[in-house]
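What follows is a set of notes on a single structure, which appears directly below.
The values are calculated or read from the model by the stated rules, or taken from the named source; none is laboratory data. As the structure is a prediction and not an experimental result, all values here were calculated from the model. Here Cβ is always computed from backbone atoms with ideal geometry, including for glycine, and neighbour counts include all displayed protein chains. The protein model used for the area step is the full one, side chains on, heavy atoms only, and it has no ligands, DNA or RNA in it. Shrake-Rupley method; radii C 1.70, N 1.55, O 1.52, S 1.80 Å.
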Amino acid sequence: MSDYDVDLFVIGGGSGGVRAARMAAQYGARVMLAEEYRVGGTCVIRGCVPKKLLVYASRFRAEFEDAAGYGWGVAHVKFDWPTLIANKDKEIARLERAYTTTLEKAGVAIVKTRAVLGDAHTVQFADGKRIRAAYVLIATGGAPTYGDPIPGIEHAISSNEAFHLRQLPRQVLIQGGGYIALEFAGIFSGLGSHVTLVYRGENILRGFDDDVRQHVRMDMEKRGVRVLTGCKVAAIKRTEPHFVAQLTGGTQVAAECVMFATGRAPNIAKIGLKEAGVKIADNGGIAVDEYSRSSAANIYAIGDVTNRVNLTPVAIREGAAFADTVFGGKPTAVDHANVPTAVFCDPEVGAVGLTEAEARARLPQTDIYRAMFRPLKATLSGRDTTVLVKLVVDGRTNRMVGCHIVGEAAAEMIQLAAIAVKMKATKADFDATMALHPTTAEELVTLRTKSASYAREAAE
Ligand SMILES: Cc1cc2nc3c(=O)[nH]c(=O)nc-3n(C[C@H](O)[C@H](O)[C@H](O)COP(=O)(O)OP(=O)(O)OC[C@H]3O[C@@H](n4cnc5c(N)ncnc54)[C@H](O)[C@@H]3O)c2cc1C
């Protein structure tokens with residue numbers, strides 16, 4: 001590989017790129033990584049981590065309210081957005097330094113620039129400098145999209161800007177029905193904003209189990225979020241001190257902040273893919289095989305830019321698998337089945353495996369176990385909320401193929417349930433496990449009565 005300046009050039013210093021660069025360097029490769037914005041990428045700088053910090057902040061409101069039933073008097077509660085944002089920014093800066101140090105310690109050369117491909121082995125920087133690389137890893141992630149152009153779209157912000165608002169907006173309109181839209185609805189609402197969520201589809205959280213979608217919507221509405229479905233923002237007008245969003249169907253919503261969380265697209269534009277012979281897949285991301293190898297033999301792509309499963313742990317795993325495959329002599333494919341996922345909205349969602357609809361379409365026999373109950377904590381707090389626990393079981397093999405939870409700590413519970421689902425645990429294994437009382441999670445092992453059982457239509 002000595003004809004090249006480096007053995008590996010990584011474009012993008014996010015979750016996937018950082019892991020791949022560090023591991024490749026530890027395998028002995030000469031690695032250079034380019035990052036055009038901040039090391040750490042979406043997850044660390046303007047995704048999972050700052051989002052979860054804001055989620056924590058937003059949940060104190062309910063805790064203060066619930067405390068009264070437990071005898072606490074919480075007087076003079078006040079919230080200061082600039083303090084939260086400043087503290088969050090400090091933590092993100094610390095993490096960025098930690099990621100940078102880890103890479104440097106592993107021997108990775110970091111270049112703070114935009115980098116694009118000139119050809120399959122040439123990477124060009126913004127200042128024109130060129131580097132020749134034996135292998136190139138594209139880990140450029142994704143970016144927010146705003147949908148079809150509408151009048152006044154320039155007034156809308158995305159999640160990127162939401163992390164840096166100077167003040168907490170009193171009214172927020174959020175367009176979108178996916179996890180980012182719902183999480184920000186929970187954040188703003190918990191912190192005290194009036195939130196209207198607008199989604200063009202029939203119900204929020206497309207792709208999640210239908211019971212989950214129904215349950216989250218009902219509970220979010222109880223917590224004061226106004227949910228409007230079957231319509232979308234047609235225009236946004238500036239009318240100081242507000243914006244007015246005109247919705248299809250005629251409704252107008254005034255808000256200090258209009259946020260679009262209408263999806264994300266892989267960062268593939270103008271990075272020299274054509275010049276390097278890298279093809280795009282039908283899903284809009286870079287086309288790769290199971291080892292994340294693109295149509296150009298020495299170029300690989302991982303993470304959100306491939307638009308497979310757009311989550312941080314997946315990008316990290318793909319980065320590690322790439323390093324093992326190319327520099328560790330251990331060809332490793334990532335298994336994208338049964339990836340657990342969470343929505344940190346209020347109420348929280350955790351899910352792994354098949355939804356009821358997916359199971360019924362794929363399996364000859366599907367058994368459903370479902371419980372909806374008032375959590376113990378809500379008894380004294382008086383909060384009007386319920387938890388949903390739903391198990392989807394393959395009726396022929398008794399295997400647990402899906403688990404869906406809505407309620408406090410759902411994400412923590414689903415991470416553990418995911419191990420069992422991945423290990424192909426059966427419903428009988430769950431039943432044989434002793435309950436831990438009193439918890440919400442004990443419902444996972446005490447659900448004895450089928451709520452429903454479906455045989456797939458013979459014609460299928
Ligand atoms: C608001 C929000 C919340 C999220 N919450 C979660 C969550 O709770 N859990 C979860 O698992 N996932 C979450 N995600 C998704 C997660 O952030 C991504 O899946 C993950 O960051 C993908 O990693 P990546 O390495 O593919 O790309 P990224 O982390 O996006 O990194 C790509 C990097 O490449 C850089 N770059 C792009 N083009 C170039 C170029 N030409 N030259 C140099 N540098 C370039 C970018 O600046 C960026 O730093 C969230 C995302 C968002 C937006």
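Given the conditions (1) surrounded by 15 or more Cβ atoms within 10 Å (Cβ to Cβ); (2) more than 16 Å from the ligand (Cβ to nearest atom); (3) in a loop (DSSP other than H, G, I, E, B), report the number of the one that Val77 does not fulfil.
(1)
Would you list the strands (runs of 3 or more DSSP E) that sit entirely within the stretch 153-262 and hold 1 or more residues that are of a type in the set (Ser, Thr, Tyr)?
Values: elements: 171-175, 194-199, 226-229, 233-239, 242-247, 252-255, 257-260.
Correct list: 194-199, 226-229, 233-239.
Considering only the stretch 272-295, I want to know if a residue exists there that is under 24 Å from His404 (Cβ atoms) and either open to solvent by 40 Å² or more (accessible area, probe 1.4 Å) or in a loop (DSSP other than H, G, I, E, B) (or both).
Just the residues of the stretch 272-295 that are under 24 Å from His404 (Cβ atoms), to begin with: none.
No.
Looking at (1) open to solvent by less than 30 Å² (accessible area, probe 1.4 Å); (2) in contact with a strand residue (DSSP E or B) (Cβ under 6 Å, 6 or more places away or on another chain); (3) farther than 30 Å from Lys422 by Cβ, which one does Ala342 not meet, given that it meets all the others?
(3)
Please count how many residues of the stretch 296-334 are more than 16 Å from the ligand (Cβ to nearest atom) and assigned to a helix (DSSP H, G or I).
3
For residues that are open to solvent by less than 30 Å² (accessible area, probe 1.4 Å) and without any contact (Cβ under 8 Å) to a residue 40 or more places away in the chain, scanning just the stretch 296-324, find the one that is farthest from Gly178 (Cα to Cα).
Ala321
Specify which of the listed residues (Ala24, Ala68) is under 30 Å from Val349 (Cβ atoms) and away from the ligand (no atom under 13 Å from the Cβ). Quick ask: steps written out before the conclusion?
Values: Ala24 fails: under 30 Å from Val349 (Cβ atoms).
Ala68 is the lone residue from the list that is under 30 Å from Val349 (Cβ atoms) and away from the ligand (no atom under 13 Å from the Cβ).
Any idea which of Tyr37, Tyr27 is open to solvent by 20 Å² or more (accessible area, probe 1.4 Å), free of Cβ contacts under 8 Å to residues at least 12 places away in the same chain and not polar (S, T, N, Q)? Don't jump to the end; show me each part of the working.
Details: Tyr27 fails: free of Cβ contacts under 8 Å to residues at least 12 places away in the same chain.
Exactly one residue qualifies, and that residue is Tyr37.
Take Phe184 and tell me if it is in contact (Cβ under 8 Å) with a residue 24 or more places away in the chain, surrounded by 19 or more Cβ atoms within 10 Å (Cβ to Cβ), within 13 Å of the ligand (Cβ to nearest atom) and at negative phi. Talk me through it step by step, then tell me what you get.
Working: in contact (Cβ under 8 Å) with a residue 24 or more places away in the chain: yes; surrounded by 19 or more Cβ atoms within 10 Å (Cβ to Cβ): yes; within 13 Å of the ligand (Cβ to nearest atom): yes; at negative phi: yes.
When the stated conditions are applied, Phe184 passes them.
Give the number of residues within the stretch 362-385 that are open to solvent by less than 30 Å² (accessible area, probe 1.4 Å), under 29 Å from the mean Cα position of the chain (by Cα) and over 15 Å from Ala441 (Cβ atoms).
First, the residues of the stretch 362-385 that are open to solvent by less than 30 Å² (accessible area, probe 1.4 Å): 363, 366-369, 371, 375, 378, 381, 385.
The next check asks that each one be under 29 Å from the mean Cα position of the chain (by Cα); those that pass are 363, 366-369, 371, 375, 378, 385.
After this cut, where a residue has to be over 15 Å from Ala441 (Cβ atoms) as well, the list is 363, 366-368, 378, 385.
Residues meeting the conditions: 6.
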